[in-house]
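The block underneath contains the structure these notes are about, expressed in structure tokens.
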Amino acid sequence: MSVRTVWNTSRKLIAATAAGIMLAAGLGACGSSNASTASLDSTKGKTTKIVVGVCPGPYGDMVKNVFAPLLKDDGYELTTKEFTDYVQPNKALASGSIQANLFQHGNYLKKFTADNHLDLTSLGQTPTLGLGIYSNKYKKLSEIPDGATVAIANDASNLARSLGVLEQNKLVTLDGEVDATKATIDDVKSNPKNLKFKTLDAAQLVRSLDNVDFALVPGNYSWAANLKPSSALALEKQTSGVMEVFVVRTKDKNSDFAKKVKALLTSQEYKDAIAKSEFKDFGKPASWKA
């Protein structure tokens, strides 16, 4: 066999191998794409496993104690994966490593997905434990001294939310021209007690109570730290934008699972289950009162 013949034969083998690899990769990619959608569709007689991302606090328990039992007969087995911050649950959902999440309010979802170019969709609101003003030093808002240090969340959405709660309780006044959901410390127009602001990751706010005069703590973290809402100096007056939302990828919003969850969130069955649970005193979605 000549050198030319060997070379030509080798080239054909290499080309064939490369084509096979490309075809396999293409088929694998297609299979991966279809699997992510199929994983949210129930199959008669089989159990579909759904992993829901949560943060420390009550919503992991809500998934396990309320959602999971109510969706079991529909063929879904719900488990939770806990994240320690507000960033990873949405990124994990967008990447497909989890199938849903329940940890954030609507305003946060809207801003985070826009800032990070993620395609996620809310299926609806759940009962929500509101943000509270907590202190290890004072029992009433009237006791807070001039020049007190207050710790608030450093993420844009919860920072604006915290400033709104301070304004609700007449501790600051915000510039009337600013969008309340986008307010920053620079938008504080009046600060009668000369409060000093300390911005921290939301997960650190409870721990900061030993080092500041008071802190504004989101409900999931106050719950995880066993801070009783009744011990709060004040609780936020909840608006629609600060209600927790059950989220999936937009590509999965028409899946069987998403349809079941969306219907469940406004069902009497779900309302009754909440009424019998440890979440019965949480703020209720406006749609429940309609």
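The values are calculated or read from the model by the stated rules, or taken from the named source; none is laboratory data. Since we're looking at a predicted model, the values are computed, not measured. Quick reminder, even Gly has a Cβ in these numbers, built from the backbone with ideal geometry, and neighbours come from all protein chains shown.
When Glu177 is tested against (1) of a type in the set (Asp, Glu); (2) assigned to a helix (DSSP H, G or I); (3) not assigned by TED's automatic domain parsing to the domain that holds Ala263, just one condition goes unmet, and that condition is (2). Scanning region 100-142 for residues that are over 13 Å from the mean Cα position of the chain (by Cα) and either farther than 26 Å from Asp213 by Cα or without any contact (Cβ under 8 Å) to a residue 12 or more places away in the chain (or both) yields Ala114, Asp115, Asn116, His117, Leu118, Asp119, Pro127, Ser142.
Let's see how each residue does on (1) in contact with a His (Cβ under 7 Å, 6 or more places away or on another chain); (2) over 19 Å from Lys64 (Cα atoms); (3) not assigned by TED's automatic domain parsing to the domain that holds Val150:
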{"residue": "Asn211", "(1), (2), (3)": "no, yes, no"}
{"residue": "Lys228", "(1), (2), (3)": "no, yes, no"}
{"residue": "Leu233", "(1), (2), (3)": "no, yes, no"}
{"residue": "Val247", "(1), (2), (3)": "no, no, yes"}
{"residue": "Thr250", "(1), (2), (3)": "no, yes, yes"}
{"residue": "Lys276", "(1), (2), (3)": "no, no, yes"}
{"residue": "Phe282", "(1), (2), (3)": "no, no, yes"}
{"residue": "Pro285", "(1), (2), (3)": "no, yes, yes"}
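Being outside any helix (DSSP H, G or I) and in the same structural domain as Ala225 (by TED's automatic domain parsing) is the requirement here; does Ala151 meet it? Against the criterion (outside any helix (DSSP H, G or I) and in the same structural domain as Ala225 (by TED's automatic domain parsing)), Ala151 qualifies.
When residues in region 162-182 are screened for being at pLDDT 95 or above and under 24 Å from Asn116 (Cα atoms), 2 of them pass.
Results for (1) under 18 Å from Ser255 (Cβ atoms); (2) among the aromatic types (Phe, Trp, Tyr); (3) at pLDDT 95 or above, shown as yes or no for each residue.
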position	(1), (2), (3)
Val52	yes, no, yes
Pro56	no, no, no
Ala68	yes, no, yes
Leu71	yes, no, yes
Leu78	yes, no, yes
Gln88	no, no, yes
Phe103	no, yes, yes
Gly106	no, no, yes
Thr126	no, no, yes
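Tell me which residues, restricted to region 165-198, are touching a residue at least 24 places away in the same chain (Cβ under 8 Å) and among the β-branched types (Val, Ile, Thr). Residues satisfying the conditions are Val165, Thr181, Thr184, Ile185, Val188. Within region 65-76, residues that are surrounded by fewer than 17 Cβ atoms within 10 Å (Cβ to Cβ) have Cβ atoms under 6 Å from residues that are part of a helix (DSSP H, G or I) in these pairs: Asp74/Lys260, counting only partners at least 6 apart in sequence or on another chain. Within region 244-279, restricting attention to residues that are in contact (Cβ under 8 Å) with a residue 12 or more places away in the chain and more than 23 Å from Tyr108 (Cβ to Cβ), the residue that is surrounded by the fewest Cβ atoms within 10 Å (Cβ to Cβ) is Glu269. Any residue that is under 17 Å from the mean Cα position of the chain (by Cα), at pLDDT 95 or above and aliphatic (A, V, I, L, M) - is there at least one of those in region 222-234? Scanning region 222-234 turns up no residue that is under 17 Å from the mean Cα position of the chain (by Cα), at pLDDT 95 or above and aliphatic (A, V, I, L, M). Residues that are surrounded by 15 or more Cβ atoms within 10 Å (Cβ to Cβ) and over 17 Å from Tyr221 (Cα atoms) within region 134-155 comprise Tyr138, Leu141, Ile144, Ala148, listed in sequence order. Residues in region 156-174 that are part of a helix (DSSP H, G or I) and surrounded by fewer than 21 Cβ atoms within 10 Å (Cβ to Cβ): 4 in all.
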